[in-house]
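Reviewing the structure listed below.
Taken together, the values in this text are just the output of simple stated rules run on the coordinates, not laboratory data. What you see is a predicted model; the values in this text were computed from it and never measured. Note that we place each Cβ from the backbone using ideal geometry, even for glycine, and neighbour counts take in every protein chain shown.
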Amino acid sequence: MGGERDPATVSAFLLGALLAGGNGVAIRFSNRELDPFWGAALRFLLAAALLAALLAALRLRLPRGRALAGAAVFGVLQFAATYGFAYYALVELHAGFGQVLLALVPLMTLLLAVGQGQERLRVHALVGTLLALVGVVVMSQAPLRDSLPVLSVLAALGSALCFAQAAVLVRRLPPVHPVTMNAVGMACGAVVLLAVALVAGDTFELPDGGETWAAVGYVVTFGSVGVFLLYLFVLRRWLASRAAYSFVLIPIVTVVLSAWLDDEPVGWGLVVGGALVLAGVYIGALREPGARVEPVEAAS
């Protein structure tokens with residue numbers, strides 16, 4: 001089945017962006033009690049356990065050889081590197097501003113895909129990315145006026161770069177069922193994050209507060225299992241740069257939730273910036289593209 005304008009693919013794209021919008025806020029709450037690398041490791045340990053149970057229930061086989069190695073590399077890049085940087089960044093940065101920086105993912109993905117010979121530079125995709133970036137900057141202009149911790153900003157940019165490269169990489173890997181890919185990837189990512197937490201001197205403890213457990217529960221279930229199953233479903237049917245446009249839709253949800261739950265300052269820019277983001281997403285991701293891509297079917 002072609003996935004360019006397939007309603008199921010578009011619905012998965014939009015639902016994934018909606019669920020992912022709560023992740024930045026939940027990470028902020030998790031970081032208030034748990035050290036960042038340990039918090040990320042705990043998240044993916046629990047998510048990997050859930051996916052392993054689902055894998056067993058569906059009687060899916062673990063990949064072997066190159067497919068297994070590819071899933072492991074994907075996991076280290078997608079979960080250990082991306083979220084190690086993200087959890088560190090969100091100790092200091094508000095979730096909404098962090099998503100402004102992560103909105104660079106589509107542009108980074110496009111440029112990496114072009115540089116690695118997967119895609120050609122498409123004008124409408126570049127225009128859509130730039131328009132959406134203007135939107136998220138306008139939407140979060142109040143936080144941009146504050147003084148920013150340089151290391152946290154660099155960590156957020158590193159997170160965006162790792163996510164973009166993982167999206168490009170996965171299209172070169174042997175096809176693996178999304179449940180299997182995420183189960184293996186999250187397990188490998190969690191092991192690496194545990195090692196980083198140990199080196200960083202993080203305290204290994206479980207949350208005490210109900211608020212922290214709620215945050216961890218959200219990022220484990222909806223924010224990890226749900227979001228990444230949907231993301232890989234979309235990524236097997238769309239170009240990597242097109243699937244990455246969820247990162248310019250997510251800030252709308254994140255900024256609203258962050259303002260409500262975390263007192264992030266939000267001004268009039270939310271409405272204007274949100275409209276620009278939606279326009280950019282439509283132009284770059286949802287409008288019929290000039291170049292088509294054959295969908296990559298996941299192996300069962």
Yeah, region 125-266 with a ≥ b ≥ c from its alpha-carbon gyration tensor (a/c under 1.5 is rounded, else prolate when a/b outruns b/c, oblate otherwise) is oblate
Length gained, Val153-Val134, 0.36 nm per residue minus C-alpha separation, equals 5.0 nm
Between the residues Leu62, Phe163, Leu151, the Cα farthest towards the positive end of the dipole of the chain, that dipole coming from +1 and -1 charges on the beta-carbon of Lys, Arg, Asp and Glu, is from Leu62
Extension length gain for Arg172 and Arg59 (0.36 nm per residue less Cα distance), in nm, is 38.2 nm
Residue separation between Asp208 and Ser11 times 0.36 nm, minus their alpha-carbon distance, gives in nm 67.3 nm
Magnitude of the Cβ-charge dipole (Lys and Arg +1, Asp and Glu -1) of the chain about the Cα centre, nearest 20 debye, reported as 1260
In the chain, helical segments from DSSP H whose Cα atoms cover 20 Å or more along their own axis and that average at least 0.0 on the Kyte-Doolittle scale are 36-57, 123-139, 150-170, 178-200, 246-262
With a Förster distance of 35 angstrom and the Cβ-Cβ distance between Ala195 and Leu50, calculated FRET efficiency to the nearest 0.05 equals 0.95
Bounding extents of the chain in its principal axis frame from Cα atoms, largest first in Å, are 45, 44, 30
Taking a crude spin-label model, label points 7 Å out from Cα along the C-beta direction, the Leu261 to Arg66 distance in nm is 4.2
